[in-house]
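Enquirer: Quick one: structure below, then a few questions.
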Amino acid sequence: MNPFRCFVEKGNDGNENEPLLKMSNQDVPGRLCKEAHQHLRKDEPSLAAAFFMAAFSCSAPNAIQRVKSLEKDQYQEIITTLEQWCLGECNIPKINCDGMAIVSLNPGIAAVFLSTLCPSNVVASLYKLSTFLKNGRYDEVVSKSSSLLNTQPHYTTELLLTRGLARILSQINSRHGILDYMQAFANNKEKTRQFIGTRQKEYLGQVIDAFHNHISTHEYDYDADYSDVMLHDCYSLLASLTPDDLQVCKTQATYLFENCKFEECIAVYSRAIEALSLETKIKEEKISYLLVDRAAAYYSLGCRTKEMIQDLAEAFKISPSHAKKRFAEIFSEADIKRVVDRSKGYLEMEFGNFREAVRARLELRSDTGTELLLPILQTLEFLIQCSTESRHEMNVRLADCKLLAGDFRTCLDICNHLLSSEKKTYQNTLFVLRGFCQFHSNEHQQALKDFQQIIEDESPHPNSCVKALCGRGLVRMISGSSYLTALDYITACKLKLDETLLALKTYVPWNQRGLLFKVLQEEGQKMLHKKPQSANENGILLRKKTSDQDSSSSKEGDVPGVHQLATLLMLLDPSDDVSRILCTDALYQMDRTEEAHKMLSLALSSSSQRSPILARLALLQFKKGFIYDGNQLIKKVIQIGDTSCLLPIMDIFKEEDRKLMQNHCHAKSISILRSQQGDTYIKEAIAYLSFAIIASGGHAKDSLLARARCYGQLGQKKTAIFDFNAVLKDEPYNAEALSGKGFMHMTLNQQKEAVHDICLAIKADASYAIREIHSLNPEAQLVITEWLYNHCRTLLAELLTANNNLPSDPTFSELEVLAEALIKNENKTAHFYLLYTDILIAKEKYDEAFNYLRKSFTSNAIDETVKARYGVLHVKYRNLLVAAQELCTLAGKKPEEVEMLVKFLDKRQRQSLSQVAGQEGNSLIQENRYEKALDYFSLAVISSNNNPKYLRQRAMCLTHLRDYSSAIKDIDKAIQRQSSHDLKTQAEDYCSKGHILLLSSDEEAATRQYMKAISMEHATAIASISNTPGRVKLAEIISQVANKYFEQRLFEETWKMTECGLLIDENNQELKRLKARIKREASGCIVH
């Protein structure tokens, strides 16, 4: 060896140049050893060993000496590193020294270096033996390995494998070589596998072939027991060396299967299948064969039916022909029958698991558990392939599972195929499945036909009938027939509740289960209600009847069916309170009160609808006689504040039970009102009364009245009126309700409504109404009695105006009752007595009226209103002058009252009275007693119904009293009432009005009145003017007014006035001059 071949100088360009001698032969090893020592000090044994090995290449003795002079630990580190390089456990690092890269360091040099350092080192020997193997020196390898085995027990595995390989490669003693491998494998499996995989990798194919040859001939060369052990080890070694080799796996699996080592056999097949599945091009035949073979191993275990079926199903799916062929090869007819039986048992078990998973669903719209259908589908597909006898049945079940898995198209195809086949079994099931498929495809009418065909069958299969009813109900729901939907599901529940539950959870689409749930719930509630109902916001039930509900009333008594339906709903959604309450209501109607009570008690802790449950529990407690417990429950409902929860209960609970609750709640409220004071207790009493009212169906009169009074005390007047109206709806003439309602209207200052209700109350029960009025405070009494009095006055006036025969008028009778009630009031006033007197006069009871006046009014208390009544009575007694004297004062002060009083007189009496009054007035005028005369003239006007004669006389009297405006009004009335044919009288009236206007200094208006009179009747007007104010004076006044108009350039008006003035006084120069001026100023204009 040239010691300088291992050194190469690196140029600047990085390329290797020719070796250059940089130092003498003696300097190189020393330098390298020095580098090695430095790396040892740095705890870098690998680099140190590399430098020592480089030094060894240059000068072996020097390097040996340096290494052996190391400390023991360092020396051992160098030996260990060299051994690792020889064994190939790690790579030799690259080194350089003074810019020289050291090359050609390899495991061979390491082995020589190691053997020189330690001549007996086994690792160096093993490397040397591997060199001999490559050179074909097999005998030397066998000999050397055998000798080393005796002296080096720590390297037994490596030496055995080396000797075994030499024997196999020599092809002379392969059997002993196999034995060497087996012995090494038995000693250390992992070490054996690693050594072969690294040191003997290039010979692996030859080793495997040797093992195959050995296995194929083993049964002839060894006894049976020893052979089995050897074979097992052989297969184990081969499997560890080539885990993905298909042939090895098949051979090993076959051996394991034949030796009944089924678990190991399955593991081998699984490894082979996995390896095969990773290939780019999967050979269907091979993998289907392997799957069938592994299924046979599962079958042989007897407890791995699931895995067996999965493999068989997969094999038949990948390649039915190859799988069927292999299945027939390895399974006998008896085994095939057992496989089919096991598969069917497994099918039933898995389908049962699926049903349980469906039952366990907590969410109504959930479809969890469908993943459990996969093994079922696999089993069915396998059975269809291998069991011809039950193929039709399995196809039906396959269609069912396809539908459950959501594969509607495949299910429909299978159903159509089977229904069209010659075999006519499972017809009902197929129609059901096809119906649901069509429903999912929105072909509702076709689905309905299939469902109907099953239901109309004379002897339908029960499960199919249940599913058909569910399907038909679903179609009916979509079409809007909710009641018929509920009937279908009730029928289904009666047949098989569990099957109905499963059908609804599986066959009904998830997005329609919620709607179906609500429809069934609502229809169940309707069926339990004997009569449809609605409720207003104040807790009063309003009954309604419709033709549809009447027609279905005969069907609404299926309480057990509703109970079944409610049970179904509870199973569908255990957390739904409405369904639970529906179930308890049905139990109650079935007289199973203990069960209802128990269910409600259990639901109370978790329910969100506490009020409805508490109310029902309270009623049940009352029914059982536990009054205290029932009352506590009612208190809880009141505390929650939801008294309306009783509304839906009342049509469910029986009459006697409702009456029981009504009586208790009413009594409790009365007790609270009597013993406690304050708004809080009134509100509590209202709550109890509300319960009583609801329990009665809104017809508890006493409770309604009591609650109305409570509302009144709380200031809720309109709510109180509502309760009073509720009583009046049933009893229109209930005096208590009418009085209370009237008082509420009074507090709201609604006079008309208050008077109306109080009047009705007095009519219904006068004594009670009067007592109620007396119970009011003085201010309220005063208000209500005044309103009643005014009403009576208005009513009497209307009757007197409209009816001459008052006593026979029903309204008059009511008026009489009201008047009597007023005079019975404690706070009586004078006008109440006068009202009653007027009633007596209207009834023509004059003597009684006369006596009543004397009794009611002392001489000191008689005023003009009382005198007026006396006056009316005097007229009746024909004492007209006295009558006029009594009436005239009131006529002057309160003419409207006298107008009412004279209506008691007939036409003749009024005429006579007016004549007497007019005469008395004229007499007084003569005496210049104008004020007194005015009262008489007023009486004459009123009694004569505005006779123009008396109007003129009163106007004259008013003129004397300088009340010109009133006088003008009377003259105007006289003009209006005077006949239009009597022009003379009208002209006089206009002149009188003109005179009054002159007195009131309204010359312009007066002028116009005189102009009207002259235009109407010239002579009469001139005569009247001559008397007063005089023709000359009036002409002057007219002249002044005309000049005023002339200045305003109202020429036409001025012309008419001048013409009229000249007619009155033709010598008036001023008017003549004015007329000439008009002609000049208005020349060219038409002025007449």
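Enquirer: Quick one: count up the residues across segment 440-482 that are free of Cβ contacts under 8 Å to residues at least 60 places away in the same chain and in a helix (DSSP H, G or I).
Expert: The qualifying residues number 30.
Enquirer: Evaluate segment 952-964: report whether one residue or more is of a type in the set (D, E, K, R), part of a helix (DSSP H, G or I) and on the phi < 0 side of the Ramachandran plot.
Expert: Within segment 952-964, one or more residues are of a type in the set (D, E, K, R), part of a helix (DSSP H, G or I) and on the phi < 0 side of the Ramachandran plot.
Enquirer: Can I ask one more? Residues that are at pLDDT 85 or above and surrounded by fewer than 13 Cβ atoms within 10 Å (Cβ to Cβ): which helices (runs of 4 or more DSSP H) entirely in segment 510-621 hold 1 or more of them?
Expert: 510-528, 593-604
Enquirer: Could you list, in sequence order, all residues of segment 823-835 that are closer than 24 Å to LYS876 by Cβ and either surrounded by 19 or more Cβ atoms within 10 Å (Cβ to Cβ) or touching a Leu at 6+ places or on another chain (Cβ under 7 Å) (or both)?
Expert: Across segment 823-835, the qualifying residues are PHE832, TYR833, LEU834, LEU835.
Enquirer: With the checklist (1) of a type outside the set (Asp, Glu); (2) closer than 24 Å to SER943 by Cβ; (3) not in a helix (DSSP H, G or I) in hand, flag the one item ASN825 doesn't pass.
Expert: For ASN825, the exception is condition (2).
Enquirer: Before we move on, is ALA891 touching a Gly at 6+ places or on another chain (Cβ under 8 Å) and touching a residue at least 40 places away in the same chain (Cβ under 8 Å)?
Expert: So ALA891 does not fit the description; no.
Enquirer: Evaluate segment 725-742: report whether one residue or more is under 29 Å from LYS903 (Cβ atoms) and surrounded by fewer than 18 Cβ atoms within 10 Å (Cβ to Cβ).
Expert: No, segment 725-742 contains no residue that is under 29 Å from LYS903 (Cβ atoms) and surrounded by fewer than 18 Cβ atoms within 10 Å (Cβ to Cβ).
Enquirer: Now for a different question. Using beta carbons and a limit of 7 Å, which pairs, at least six apart or on different chains, have the first residue in segment 98-111 and β-branched (Val, Ile, Thr) and the second one buried (at least 16 other Cβ atoms within 10 Å of the Cβ) and modelled with pLDDT of 80 or more?
Expert: ILE102/ALA54; ILE102/ILE95; ILE109/MET53; ILE109/SER57
Enquirer: Related question: Check LEU82, LEU47, LEU87 and return the single one that is at pLDDT 85 or above and closer than 30 Å to GLY197 by Cβ.
Expert: LEU82
Enquirer: Among the residues of segment 934-951, which ones are in a helix (DSSP H, G or I) and either in contact with a Lys or Arg (Cβ under 7 Å, 6 or more places away or on another chain) or more than 17 Å from LEU880 (Cβ to Cβ) (or both)?
Expert: LEU934, PHE937, SER938, VAL941, SER943, PRO948, LYS949, LEU951 - these are the residues of segment 934-951 that are in a helix (DSSP H, G or I) and either in contact with a Lys or Arg (Cβ under 7 Å, 6 or more places away or on another chain) or more than 17 Å from LEU880 (Cβ to Cβ) (or both).
Enquirer: Can you tell me how many residues within segment 70-88 are surrounded by 12 or more Cβ atoms within 10 Å (Cβ to Cβ), without any contact (Cβ under 8 Å) to a residue 12 or more places away in the chain and not hydroxyl-bearing (Ser, Thr, Tyr)?
Expert: 2
Enquirer: What is the one condition in (1) charged (D, E, K, R); (2) at pLDDT below 85; (3) within 23 Å of THR506 (Cβ to Cβ) that GLU348 does not satisfy?
Expert: (2)
Enquirer: Next up: Being out of contact with any Ser or Thr (no Cβ under 9 Å at 6 or more places or on another chain), at pLDDT 75 or above, among the charged types (D, E, K, R) and at negative phi, is that true of even one residue in segment 292-305?
Expert: yes
Enquirer: Then there is this: Which count do you get for residues in segment 331-388 that are surrounded by fewer than 13 Cβ atoms within 10 Å (Cβ to Cβ), among the aliphatic types (A, V, I, L, M) and without any contact (Cβ under 8 Å) to a residue 24 or more places away in the chain?
Expert: 2
Enquirer: Okay, next question. ARG771 is checked against (1) buried (at least 19 other Cβ atoms within 10 Å of the Cβ); (2) modelled with pLDDT of 85 or more and fails just one. What number does that condition carry?
Expert: Going through the list (1) buried (at least 19 other Cβ atoms within 10 Å of the Cβ); (2) modelled with pLDDT of 85 or more, ARG771 breaks only (1).
Enquirer: On to the next question. What's the number of the only condition in (1) touching a helix residue (DSSP H, G or I) at 6+ places or on another chain (Cβ under 7 Å); (2) in contact (Cβ under 8 Å) with a residue 24 or more places away in the chain that SER115 fails to meet?
Expert: Failing condition for SER115: (2).
Enquirer: Now, a different point. Condition first: out of contact with any Asp or Glu (no Cβ under 9 Å at 6 or more places or on another chain), among the hydrophobic types (A, V, I, L, M, F, W, C), surrounded by 16 or more Cβ atoms within 10 Å (Cβ to Cβ) and over 28 Å from ASN946 (Cα atoms). Can you find one or more residues in segment 864-885 that meet it?
Expert: No, every residue in segment 864-885 fails to be out of contact with any Asp or Glu (no Cβ under 9 Å at 6 or more places or on another chain), among the hydrophobic types (A, V, I, L, M, F, W, C), surrounded by 16 or more Cβ atoms within 10 Å (Cβ to Cβ) and over 28 Å from ASN946 (Cα atoms).
Enquirer: Now a separate question. Return yes or no: is ILE672 without any contact (Cβ under 8 Å) to a residue 24 or more places away in the chain and surrounded by fewer than 22 Cβ atoms within 10 Å (Cβ to Cβ)?
Expert: yes
Enquirer: List every residue pair whose Cβ atoms lie under 6 Å apart, where the two residues are 6 or more positions apart in sequence or sit on different chains, the first residue falls within segment 786-802 and is in contact (Cβ under 8 Å) with a residue 12 or more places away in the chain, and the second residue, located anywhere, is part of a helix (DSSP H, G or I) and of a type in the set (Val, Ile, Thr).
Expert: TRP787/VAL755; HIS791/VAL755
Enquirer: Here is a list: PHE436, PHE431, PHE408, PHE451. Which entry is aromatic (Phe, Trp, Tyr) and closer than 28 Å to ASP311 by Cα?
Expert: PHE408
Enquirer: Check VAL67, VAL28, VAL8, VAL103 and return the single one that is closer than 29 Å to LYS128 by Cβ, crowded, with 18+ Cβ neighbours inside 10 Å and modelled with pLDDT under 75.
Expert: VAL8
Enquirer: Is segment 976-990 home to any residue that is closer than 30 Å to PHE904 by Cβ and either β-branched (Val, Ile, Thr) or assigned to a helix (DSSP H, G or I) (or both)?
Expert: yes
Enquirer: Residues GLY641, GLY715, GLY698: which one is among the small types (Gly, Ala, Ser) and surrounded by 16 or more Cβ atoms within 10 Å (Cβ to Cβ)?
Expert: Among GLY641, GLY715, GLY698, only GLY698 is among the small types (Gly, Ala, Ser) and surrounded by 16 or more Cβ atoms within 10 Å (Cβ to Cβ).
For (1) among the basic types (Lys, Arg); (2) at pLDDT below 90, each residue gets a yes or a no:
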{"residue": "ARG674", "(1), (2)": "yes, yes"}
{"residue": "GLY678", "(1), (2)": "no, yes"}
{"residue": "ALA685", "(1), (2)": "no, yes"}
{"residue": "SER690", "(1), (2)": "no, yes"}
{"residue": "ALA695", "(1), (2)": "no, yes"}
{"residue": "ALA700", "(1), (2)": "no, yes"}
{"residue": "CYS710", "(1), (2)": "no, no"}
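Enquirer: One residue is enough: does segment 122-141 have a residue meeting the conditions among the β-branched types (Val, Ile, Thr) and farther than 27 Å from PRO61 by Cα?
Expert: yes
The values are calculated or read from the model by the stated rules, or taken from the named source; none is laboratory data. Being a predicted model, the structure only gives us computed values, none of them experimental. So basically every Cβ, Gly included, is an ideal-geometry build from the backbone, and we count neighbours across all protein chains shown.
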